[in-house]
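The structure under discussion appears below in the form of structure tokens.
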Amino acid sequence: MTEGTVMTDLFADLPADLPPGSPIGPEDGPPTAWLSDDEWDSDLHRRLLADFPRTGWYPVLVDERAVDSWTEGELAPQPVAEIDRYDAAAVMAELWAENVAEQASYDISLEPLEPFGEACPGLAPSLDSSGIDEVVDSYLAGFEADDGDRLLLAKVARGADLPAVLGWQGDVDLPKVLTMLRSWEDRFGARLVVLGFDSMRVITMPTEDVGQLQLMAAEQWAFDPDWINQEVETLEAQVETMSGDPEWLFWWD
């Protein structure tokens, strides 16, 4: 099968009424996603996300730096089966231990991790996420994109798998990170809405329950300690930031 045949087969069932766009993929492989030529459009993103259960094409906003990199083929797809090998609770415990050890190696106090400290608290309980579609739709309706942001579509079984299918190369152990993202989908109704060159924005079901937020903030710290360490400095401060807010933002240097 030629690359042209692969491309034709993959994109034969793209959603209808898309604006101009083109396939993108790794420099030495077949395309893995479709990227719009025009700048990101909120109404289109919302329509495509609502249609995802029917079409199998998942939309995300991608930033200009990502567009510049990915249109040059700087992508490295990973098998979704790699994510299947991991368990979220075990991944969180492993990441927590690694982060704690790294902080200790730099003589950084664990006091900002109160009320948990060195011991990993485990996964937060599930939330009732029956209203997540309305939460995400409202968020996207009010989102202010930057110049150069585009819309990307990838054919996936679930939104959390998109970075692996696309070939995203953030500075992380991707299968483990996506194991956590899958678990957030299952427990909090999480939706990946923005995928940057080295960042993600995820929308979850909001809550104001302090005990729940403490555990969710702990998961965020395991997932991406730099965001909390450098931006808000403590888990307790992150709890205040998260209360009632559906947006989770992550970045990796």
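Could you give the length gained by full extension between D9 and E39, i.e. 0.36 nm per residue of separation minus their alpha carbon distance, to one decimal place?
Full-extension gain reported as 8.2 nm.
Counting only helical runs of four or more DSSP H residues, what would the 222 nm mean residue ellipticity of the chain come to if each run contributes -39,500 (n - 2.57) and the total is spread over all its residues?
-12000 deg cm²/dmol, from helical runs alone.
Give me the extension gain from T241 to R47: residue separation times 0.36 nm, minus the current Cα-Cα distance, reported in nm with one decimal.
66.9 nm
I want to check the label-to-label distance for L18 and E82. Put each point 7 Å from Cα in the C-beta direction and report it in nm to one decimal.
Each label point is offset 7 Å from its Cα along the Cβ direction, giving 2.5 nm.
I'd like the distance separating the alpha-carbon centroids of the range 49-96 and the range 132-181, in whole Å.
Computed from Cα coordinates, the inter-centre distance equals 6 Å.
How much length is gained if the chain between A101 and D209 is pulled fully straight, taking 0.36 nm per residue apart and subtracting their Cα-Cα distance, in nm to one decimal?
Separation in residues times 0.36 nm, less the Cα-Cα distance, equals 35.9 nm.
Given the options A101, A218, A66, state which has the largest fluctuation in a GNM of the chain using a 10 Å cut-off (strictly under) for Cα springs.
Of A101, A218, A66, the Gaussian network model singles out A101 as fluctuating most.
Given a cut-off of under 8 Å on Cα pairs at least six residues apart, what relative contact order in percent is computed for the chain?
Normalised by residue count, the contact order of the chain is 25 percent.
In the range 1-87, if every C-alpha pair distance is counted and binned at 5 Å from zero, what percent goes to each bin?
3, 12, 20, 22, 22, 15, 5, 1
If I take all pairs of Cα atoms in the chain, what percentage of them are more than 22 Å from each other? Walk me through the numbers on the way to the answer.
On the way: 17484 of 31878 pairs.
Pairs farther apart than 22 Å: 55 percent.
For the pair R65 and E94, how long in nm is the line joining their label points, each one 7 Å along Cα→Cβ?
Modelled inter-label distance: 2.7 nm.
Name the shape class, rounded, prolate or oblate, that the alpha-carbon gyration tensor gives for the range 118-253, where a ≥ b ≥ c are the square roots of its eigenvalues, rounded holds for a/c under 1.5, and otherwise prolate holds if a/b is larger than b/c and oblate otherwise.
rounded
Based on the Kirkwood radius over alpha-carbon pairs, what is the Stokes-Einstein translational diffusion coefficient of the range 185-232 at 20 °C with 1.002 mPa s viscosity, in µm²/s?
Diffusion coefficient, whole number: 180 µm²/s.
Readers should treat all values here as calculations from the given coordinates under stated rules, not as data from a laboratory. None of the values given here were measured: they were computed from a predicted structure. A quick note on method: Cβ atoms are made from the backbone with ideal geometry, for glycine too, and the neighbour counts reach across all protein chains shown.
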